[in-house]
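Enquirer: Dropping a structure here in structure tokens format, bear with me for questions.
The values are calculated or read from the model by the stated rules, or taken from the named source; none is laboratory data. Remember, predicted model here, so these are calculated numbers, not experimental data. All Cβ positions, even for glycine, are placed from backbone atoms using ideal geometry, and neighbour counts span all protein chains on display. Only protein heavy atoms, including side chains, enter the accessible area calculation; ligands, DNA and RNA are left aside. Shrake-Rupley method; radii C 1.70, N 1.55, O 1.52, S 1.80 Å.
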Amino acid sequence: MKELLSGNAAIARGAIESGVTVAAAYPGTPSTEILENLALYPGVYAEWSPNEKVAVEVGIGASLGGARTLVAMKHVGVNVAADPLMTFSYIGVNAGFVLVSADDPGMHSSQNEQDNRHYARFAKIPLLEPSDSQEAKDMVGLALDLSERFDTPVMLRTTTRVSHSQSLVEIQDPQPRKLKSYVKDIKKNLMLPTYARPRRVALEKSLAGLKEYSESSPVNRIEWRDRSLGVITSGISYQYVRDVLPDASVLKLGFTNPLPEQMIRSFAAGVQKLIVVEELEPFIEEQVRAMGLALAVKGFIPYTGELDPGILAAALVKAGIIHSTGGIAKAGYDLAESPAVPARPPVLCPGCSHRGVFYALRQLKLNVSGDIGCYTLGGLPPLEAMDSNICMGASIGVAHGIGKANPALDARTVAVIGDSTFLHSGITGLLDVVYNKGNATVIILDNRTTAMTGHQQHPGTGRTLAGDPAPAVDLEALVRALGVKRVRVIDPLNLAETEAAIKEELAAKEPSVIIADKPCALLTKAVQPAVRVDAQKCTGCRICTRIGCPAISIKDKLAQVDAAVCTGCNLCLQVCREGALVKGEEKHA
Amino acid sequence: MLKPIDVLMVGVGGQGTILASRVLAQAAQAAGYDIKVSEIHGMAQRGGSVVTQVRLGEKVYSPLIVKGGADILLAFEKLETLRLLSYLKKDGVLIVNDQAIDPVPVLVGAAEYPPNIPEYLRNTVPGTLVFDATEIAGRCGTAKAANVVLLGAMARRLPIERAIWGKALAERVPAKLLEVNRAAFAAGYELG
Ligand SMILES: Cc1ncc(C[n+]2csc(CCOP(=O)(O)OP(=O)(O)O)c2C)c(N)n1
Ligand code: SF4
Ligand code: SF4
């Protein structure tokens, strides 16, 4: 039976079919749906871990404990998990372990577009690159088999267009597996220098075996067609090559670390012109060149951004490999006369609890060290109340550093961080502020969910991935335990309270934490009656548009509130100086 | 080998493009086509643009449609039609919902929502079909079925039989909403 599955759903299915019984992840686009899908199957333990490092550690434990294991994350998650990963390759596995890294070329939903294939090489582990959902499913099973056969964690690397594209997949019956027994083996698993040194040597030996395997792997194959042009490619790029160069011979690599050198050499020898087509970094290309093989053209595909068949065709024409983009990039209609198209940027939802905090920060003209989540939208117009963001959890350390660099900035700088992000990697930053006597003021935007990635549970929500009740961490008690004495909880949709709290805490010469306590508006769907505009009082001053609520607009020089969109959060009432916005009346039944 | 048929669906988060693409995919699969669907998730919930690409044919490789390559552009919102119009191939089919959803720059007066989009589209793309799917859906029982009206209008342009569409709809739409959606689909089909 064939089913239309996204790459992520196929990976979950592949895990089930190949006997995975433990899975761990932290959400992140484009990887999130893997665990969400896995959690739907009975007989699997699947958890949201607080961050990716913990997820990998849980996975290592599960493998040692004898269960086939899958751990998933977005590309930048692997940075967080790199520490355990780099040594996991030394100890190897008991039961099979696959790490799914979902990369995001083009940064559809990410802060960078790092190419995580480099991690596989760096950590010296096998790397699989599926090019559609069927391969994504099949490669989970292959990864687990290889993991056990070569005693190593295996990376399965997808990209947005593999994870989030749907294609037909042949469904098979799950293979039940017995738990392996736990074995105490300190020479293998206790990485003190004495034992680590021989494991380092063993790792090279295992890599040599993997290199040999690569030559005969069923996922590395040559498709002979016209031999005047040969293309080496992997992952989603394979699909683009088939569309743009339907007649070319292709060496399709599904197993890309270590590369099958002999296979590449014999492919090169069998074609007149050789090129490499890959997205992002020249990962394969550089290694092929290091083999001393001549490429007809090098570096002809942009290293930045997402590839697509149109870009590939244009690059091939420019490089002189084909003469016209003909079959692919056609001319559409002449749109020279098209009216200007205003942008449609994402915005905080109507009633979003973050909005009050960012409006207050903007009013106070503070330096805002930001973090990652829905609230990062508070940095875009019209609010524009975030100065920087780097990676999850960075806001607190950055604010602390700004204060240490120039104490005069201390009283003007706040860190803003979401609840999921704080629990992911903000706690240690705050610990540093306390320990090293900083003065940072930290605002935790506690909307009780991981909203950005689609509302996942986390250790503060009181529910697990499976939806079961769980202990919810008490943020206030947690930050007090770290040594923060000034902790207060505010309602972020009460502007006066929010502004006053921020001012007072900035003035204090010690670390302070403000917990902005209000659930995500999409989560509660608690809709109050919509706000009304009193046309007699509205002067058309536009102040209310500065909060960036999509329910508010200006029509005929007067404010308008779209009653179908307004949640009645009443934030706008507090910014209008004319009293022209009026609280909606409860409808009495 | 037959070249795949490329369908681009564009709209704004919350307009039901996803359900429409599910029904299309279901129908295409039942009709025996290979199929790929690609959508960008992420910030759609926060009012951003939504683009779903559907390719069906004997064998489909790339999940992505190239500029100038779409056989059909099905637009749930007028402004998004303009934004993605460069993807429509010459002689392609353009079906547009006559609905405007103001983006924030327009709401706050920083930009203007272009007037007369339907006129521009009709002049640029011969045979453009523009209608108010929301209003038609309302007459069928719920304005929320506008997505299915649009789907119905497109259905006739695809080599998939009417009966297969009916089945696909039944499989993808919750039972209690099926009657309304059947009516919405039929109303769209009449127009298409
Ligand atoms: C290392 C890493 N993992 C995951 C992500 C994806 N991601 C970005 S923000 C975020 C969490 C947002 O939750 P929260 O901090 O509670 O803010 P909210 O979106 O709810 O406002 C996640 C999972 C990332 N950018 N980096
Ligand atoms: S999903 Fe929730 S947190 Fe994100 S913008 Fe909407 S209301 Fe705010
Ligand atoms: S219009 Fe006012 S009350 Fe309604 S959601 Fe927007 S800010 Fe809240």
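Enquirer: Only one of A:ASP474, A:ASP562, A:ASP534, A:ASP491 is of a type in the set (Asp, Glu) and within 14 Å of chain B (Cβ to nearest Cβ). Can you tell me which?
Expert: None of the other options fit; the residue is A:ASP562.
Enquirer: Then there is this: Checking the conditions here, which among A:LEU364, A:LEU307 is touching a residue at least 60 places away in the same chain (Cβ under 8 Å), open to solvent by less than 10 Å² (accessible area, probe 1.4 Å) and of a type in the set (A, V, I, L, M)?
Expert: A:LEU307
Enquirer: Let me ask something else. Return only the number of the condition from (1) within 12 Å of another protein chain (Cβ to nearest Cβ); (2) at pLDDT 95 or above; (3) open to solvent by 20 Å² or more (accessible area, probe 1.4 Å); (4) part of a helix (DSSP H, G or I) that B:TYR113 does not satisfy.
Expert: Against the list (1) within 12 Å of another protein chain (Cβ to nearest Cβ); (2) at pLDDT 95 or above; (3) open to solvent by 20 Å² or more (accessible area, probe 1.4 Å); (4) part of a helix (DSSP H, G or I), B:TYR113 comes up short only on (4).
Enquirer: Show me the helices (runs of 4 or more DSSP H) entirely contained within the stretch A:132-229 in which 1 or more residues are of a type in the set (A, V, I, L, M) and surrounded by fewer than 24 Cβ atoms within 10 Å (Cβ to Cβ).
Expert: Output list reads A:133-150, A:186-189, A:193-216.
Enquirer: So is A:ASP491 within 16 Å of ligand 2 (Cβ to nearest atom), over 25 Å from the mean Cα position of the chain (by Cα) and not assigned by TED's automatic domain parsing to the domain that holds A:GLU36 or not? Lay out the reasoning, then the answer.
Expert: On the way: within 16 Å of ligand 2 (Cβ to nearest atom): yes; over 25 Å from the mean Cα position of the chain (by Cα): yes; not assigned by TED's automatic domain parsing to the domain that holds A:GLU36: yes.
So A:ASP491 passes the test.
Enquirer: Right, next: If you go through the stretch A:367-393 one residue at a time, how many are more than 10 Å from chain B (Cβ to nearest Cβ), touching a Lys or Arg at 6+ places or on another chain (Cβ under 6 Å) and open to solvent by 30 Å² or more (accessible area, probe 1.4 Å)?
Expert: Total satisfying the criteria: 1.
Enquirer: Oh, and also: Got at least one residue in the stretch A:341-350 being at the interface with chain B (Cβ under 9 Å from one of its Cβ atoms), open to solvent by 40 Å² or more (accessible area, probe 1.4 Å) and free of Cβ contacts under 8 Å to residues at least 12 places away in the same chain?
Expert: yes
Enquirer: May I pose another question? Take the residues of the stretch A:508-540 that are open to solvent by 70 Å² or more (accessible area, probe 1.4 Å) and at pLDDT 95 or above: which is farthest from ligand 3 (Cβ to nearest atom)?
Expert: The selected residue is A:LYS509.
Enquirer: Quick test of your reading of the structure: A:LEU495 fulfils all but one of (1) surrounded by 14 or more Cβ atoms within 10 Å (Cβ to Cβ); (2) more than 16 Å from ligand 1 (Cβ to nearest atom); (3) closer than 22 Å to A:GLY403 by Cβ. Name the failing condition by number.
Expert: For A:LEU495, the exception is condition (3).
Enquirer: So A:SER553 fits all but one of (1) out of contact with any strand residue (DSSP E or B) (no Cβ under 7 Å at 6 or more places or on another chain); (2) without any contact (Cβ under 8 Å) to a residue 12 or more places away in the chain; (3) away from ligand 2 (no atom under 16 Å from the Cβ); what number is the exception?
Expert: Going through (1) out of contact with any strand residue (DSSP E or B) (no Cβ under 7 Å at 6 or more places or on another chain); (2) without any contact (Cβ under 8 Å) to a residue 12 or more places away in the chain; (3) away from ligand 2 (no atom under 16 Å from the Cβ) one by one, A:SER553 breaks only (1).
Enquirer: List the pairs whose first member sits in the stretch A:44-67 and is without any contact (Cβ under 8 Å) to a residue 12 or more places away in the chain, whose second member is crowded, with 23+ Cβ neighbours inside 10 Å and outside any loop (DSSP other than H, G, I, E, B), and whose Cβ atoms are under 9 Å apart, counting only residues at least 6 apart or on separate chains?
Expert: A:GLY61/A:VAL22; A:GLY61/A:THR69
Enquirer: Six or more apart or on different chains, Cβ under 6 Å: which pairs go from a residue in the stretch B:59-86 that's more than 7 Å from chain A (Cβ to nearest Cβ) to one that's small (Gly, Ala, Ser)? Could you list them?
Expert: Final answer for the pair search is B:ALA70/B:GLY92; B:ASP71/B:GLY92; B:PHE76/B:GLY11; B:GLU77/B:GLY11; B:LYS78/B:ALA100; B:GLU80/B:GLY11; B:GLU80/B:SER49; B:THR81/B:ALA75.
Enquirer: Is it true that A:ALA564 is more than 23 Å from B:VAL108 (Cβ to Cβ) and not in a strand (DSSP E or B)?
Expert: no
Enquirer: Then there's this: Where in the stretch B:1-84 are there strands (runs of 3 or more DSSP E), lying wholly inside it, with at least 3 residues that are among the β-branched types (Val, Ile, Thr) and open to solvent by less than 30 Å² (accessible area, probe 1.4 Å)?
Expert: Result: B:5-12, B:49-57.
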